[in-house]
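Shown next, in C-alpha cells, is the structure this report addresses.
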Amino acid sequence: MKLRTLTLGLLSASALAFAAHAESITIATVNNADMIRMQTLTDDFAKANPDIKLNWVTLEENVLRERVTTDIATKGGQYDVMTIGTYEVPIWAKQSWLLPLDKLGDDYDAKDILPAIAGGLSVDGKLYAAPFYGESSFVMYRKDLMDKAGLKMPDAPTWDFIKQAADKMTDRANGVNGVCLRGKAGWGENMAFLTAMSNSFGARWFDENWKPQFDQPEWKNTLQFYVDLMKADGPEGASSNGFNENLALFQQGKCGMWIDATVAASMVSDPKSSKVADKVGYALAPDNGLGKRGNWLWAWSLAIPAGTQKADAAEKFVSWATSKHYSELVASKLGWASAPPGTRTSLYANAEYQKAAPFAKMTLDSINAADPTHPTVKPVPYVGVQFVAIPEFQGLGTTVGQLFSAALAGQSSVDDALKQAQDAATAAMTEGGYIK
Amino acid sequence: MARAVTTQHKTIATAAAWIVALLIFFPILYTIITSFKSEQEAIQGFNLIPSGTFESYSEVQAQSGYFKFFFNSVLLSVGSTILALLVAIPAAWSMAFSPSKRTKDILMWMLSTKMMPAVAVLFPIYLIFRDTGLLDSRIGLMIMLMLINLPIVVWMLYTYFREIPGEILEAARMDGASLWNEIIYVLTPMAVPGIASTMLLNIILAWNEAFWTIRLTTTNAAPLTAFISSFSSPQGLFWAKLSAASTLAIAPILIMGWFSQKQLVRGLTFGAVK
C-alpha cells in the first residue's frame, strides 16, 4: 500500500514537473475558413511537440489589426504568433517589431515559397513572416451567360472587353448584373480593388517625391471608368458591397462577372453554397495594354513579435503551420481542394491539386503577375500593389475610399471626389513629413 | 364621455408603447431569428421566417467553447459590481448625508469621465496593465469595469440615499451606533431595493462592455464579448454564426433582465418624481 502511494506520488510529481515545463504560446488570428481549419488540425503539431500548448485568439479583422498593433507597439507581449498581412510586414519589420524567421528548420524549404509572396514578406532579403495562404485577384465569370451573350472570355481580357461583356450580360429584369465589384469604403475594401485597377490604367498614388497623383488624368480615367461601368451594369446599392456581399450575389447567380480575391474561387465553385458552381470560369484580371494588370497580391501570414518570450516555440509552430507537411495533412483529411492556396510552388506542381482545384493555374498566374516592388507603370517610391506600405496608408486609404464610395453612390462627382482625395493625401503627406 | 376619452387615450398610449417596445426589441429579435437560418438564407435579404436549423449553434460551440467565455462574463460582471458597491456605498453615503460645498461639482466631475471616448486612454491603460502584469487577468478587468461604471453606481446610490430621512440615521447615532454600524446596519438595509437595482444595472453594463473586455484580454480572461467578436469573417459568410454567438451571449442577461424588470424599472425611475 505504501509502495503504491509512493509510486502514485512520484508519478503525480513528474506529471506536475512536465506540466510546469510545458510552454503555452498565444496565436492571434482572423476568422476565415483556412484559419479555423488549422485550429482543428493542431493535434498533429501537439504530437510532435507535446511540450508546447497552443492558445488561440480569433478576432474580427479590424479588431485584430488594432489589438496586435497596440500590443506590438507597447511590447505588451500578449501574443507569440500574430496573423498579419502583406501590408504590415514591411512596415513592422523596419520598426524592428518582428523577429526574422531564420530557424524554420532544415526541411522547411523556404525557396519553395512563391517568389511574389516571399518578396512581399521580406525586408533586405530576410523573411519576417511565413505565408499561411496567399491570394491575388482575378475575373470569375458565368460561362453560360457569356455563351448567351455570344462572347468568349479570353484568358487575359482588357477593360474594354469587360465593359462590352458586362453590357451584354446585364439583364436587370431577371436580376442579373453584368459585373459586381467592391464599393464599400475602406483601405482593404474598395481601395484594394481600385488601387489595383488604377495600376492597370497607369495611375499611381504618389510620384517619386511622394507628391499625390489624384489630380492626374490616369486616376480620372480609372474612377470614371469604374463609376460608369457600375452605374450601367453593377448591382443596386453597390457602394455598400464588399467581398462577402458580392460573394453572396455571385453565388445566387446575380452577377455575370466578379473581379475579386482568387480565394473566392473555392467558394463560388462549391456546390453546397453556390447555385452556379458548375458554370464558373476564370480569367486574369483585366489590363489596358500598359504592361500592368488590375490584380492585387495579399498573403495572410504568421509573424513573431519581437516582444515574445517564447520565440523558439513560436517559430516551431510557424514552421509547422506553413510547411509542405501541413498542406499534405489538410489534403489527407479534407482533400486537396482544401489545402491553403497561394503560398508554395510545389502545391501548384502537384497533379492531384490541379485536378481538385480547376482554378489553380489561373490563381498561380495571377499571383505571379503581381509585383509588389514594381506595382505601377510609372516609378513609385513605395512597395505594395493594392496598398502603399507606409503607416499613414490605413487612415488615408479609408478616407479616399469613402470619397470614391460616395462618387459611386452618386453623392458627389468623380471630379469632386478626386479633388478631395488629392487634398486629403496632400495633407496626410505633409503632416507625415514626406512633402513640404 | 370622460371615461370614453380616457379609455381611448389608454388604448392609444398602450399601442404606442407596444410599437416603441417592438422597435427597440426588433434588432435583438432579428438576431435570434437569423441564428436559426443557414448562412445562405441569412444573407439573402430580409426574411422573418427561418428554416429552423441549429447548424450555426453547433458550429459555434464546436469552434470555440461557449462556457469558458460565459464563466468569465459572470465572474467579471458580478465581481466588478461587488467591487463597485464596496467603493460606491461609502462614497454615496458621504455625499448624501454629509455634503460639502463641492459635492455637486464632484458628482458632475465623476460623471464627466463618462463623456471621454474610451479609445483616448487606450495606450496609457494598456501600458499600466502591461507594467502591473494585469493584461488578460480577471482581476485587472474587474477593476477596469468597476472604474468605468463607478460614476453611474455612485450617482444612482446617491439618489436613493437622498430619499432616506437623515433623522433615522441621527436616531441611530443617538443610540450610539458608530459610522460603520450606521452604514451597515441602518442605511444599507433601508436602501436594499435601491442597491439591488443598482447592482442589476451594473451587472448588465459590465456584461455588455465590449471595448475594454476585448482589448485587455487574450485567452484567460476573455468574456462573451470576445466570443462574439471571433465570429466576424473578412472572407466568407458568417451572419448566421455571428447571430447564434450573439444570441448565446445575450440570452443569460436577457433572462436575468426579464425576471428582475420590476426592480430595474423601479431603480431607474426612483427619485424621478419629486
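Each Lys or Arg adds one and each Asp or Glu takes one away; over the other residues whose Cβ falls under 13 Å from the Cβ of B:LEU237, this sums to -3. Using a Gaussian network model of chain B with C-alpha springs under 10 Å, which one of B:LEU201, B:LEU23, B:LEU237 is most mobile by mean-square fluctuation? Judging by the Gaussian network model, the answer is B:LEU23. Shielding of peptide B:62-74 by partners, expressed as the average count of other chain Cβ atoms within 10 Å per residue Cβ, is 1. How many percent of the alpha carbon pairs in region A:285-387 exceed a separation of 16 Å? Every Cα pair in region A:285-387 considered, those over 16 Å come to 67 percent.
When the alpha carbon gyration tensor of region A:250-327 is reduced to an equivalent ellipsoid, its three semi-axes come out at 36, 20, 10 angstrom, largest first. Any idea what angle helix B:103-112 forms with the longest principal axis of chain B, computed on alpha-carbon atoms, 0 to 90 degrees, nearest 10? For B:103-112 against chain B, the angle is about 10 degrees.
Legend: mean number of C-beta atoms from other chains within 10 angstrom of residue C-beta atoms, peptide A:32-44, equals 2. Ranked for footprinting exposure by Cβ neighbours inside 10 Å, fewest first, B:VAL192, A:VAL280 give B:VAL192, A:VAL280. Average projection, convex hull of the Cα set of region B:124-186: 6.1 square nanometres.
Principal-axis analysis of the Cα atoms of chain B puts helix B:239-259 at an angle of about 30° to the longest axis.
Each label was represented as a point 7 Å from its Cα along the Cα-to-Cβ direction; for A:LEU41 and A:ALA356 these points are 0.8 nm apart. Only helical runs count toward this figure. For the protein assembly as shown, summing -39,500 (n - 2.57) over DSSP H runs of n ≥ 4 and dividing by all residues gives -17000 deg cm²/dmol at 222 nm.
By the count of other C-beta atoms within 10 Å, a proxy for reagent exposure, A:CYS255, A:CYS180 are ordered fewest to most as A:CYS180, A:CYS255. For chain B, the longest principal axis of the alpha carbon atoms and the long axis of helix B:138-163 meet at an angle near 50°. Shielding of peptide A:66-78 by partners, expressed as the average count of other chain Cβ atoms within 10 Å per residue Cβ, is 4.
Placing dummy labels 7 Å off each Cα toward the beta-carbon, the span from A:THR426 to B:SER51 is 5.5 nm.
When both bridge partners sit in the protein assembly as shown, DSSP labels roughly 65% of those beta bridges antiparallel. Between B:ASP175 and B:ILE19, the FRET efficiency estimated from the beta carbon spacing at R0 = 60 angstrom works out to 0.65. Scaling against 2.2 N^0.38 Å puts the C-alpha radius of gyration of region B:65-229 at 1.17. Take the Cβ atoms of A:ASP207 and A:ALA156, set R0 to 30 Å, and the FRET efficiency comes out at 0.60. As a rough footprinting exposure proxy, the listed residues B:PHE227, A:PHE193 were ranked by other beta carbons within 10 Å of their own, and the order from fewest upward is B:PHE227, A:PHE193. Which of rounded, prolate, oblate describes region B:1-129, given a ≥ b ≥ c as roots of the alpha-carbon gyration tensor eigenvalues and a/c under 1.5 marking rounded, otherwise prolate only if a/b is larger than b/c? Oblate shape, in that a/c is at least 1.5 and b/c is the bigger or equal ratio.
Model label sites at A:GLU392 and A:ASP102, defined 7 Å from Cα along the beta-carbon direction, differ in position by 3.3 nm. When the listed pairs A:LYS184/A:LYS211; A:LYS184/B:LYS241; A:LYS126/A:LYS184; A:LYS163/A:LYS436; A:LYS168/A:LYS211 are checked against a 32 Å cut-off, the alpha-carbon distance exceeds it for A:LYS126/A:LYS184; A:LYS163/A:LYS436; A:LYS168/A:LYS211. Applying 1/(1 + (r/R0)^6) with r as the Cβ-Cβ distance of B:LYS10 and B:PHE259 and R0 = 30 angstrom yields a FRET efficiency of 0.65.
The per residue volume of the convex hull around the alpha-carbon atoms of region A:65-200 is 171 Å³. Using every pair of separate Cα atoms, the Kirkwood estimate puts the hydrodynamic radius of the protein assembly as shown at 28.8 angstrom.
Once the chain from A:GLN95 to A:LYS148 is taken as fully extended at 0.36 nm per residue, the excess over their C-alpha distance is 13.7 nm.
No value in this document is a laboratory result; all are computed from the given coordinates. Everything numeric here is computed off the predicted structure, so don't read it as measured data. Neighbour counts run over all protein chains shown; Cβ positions are idealised from the backbone, glycine included.
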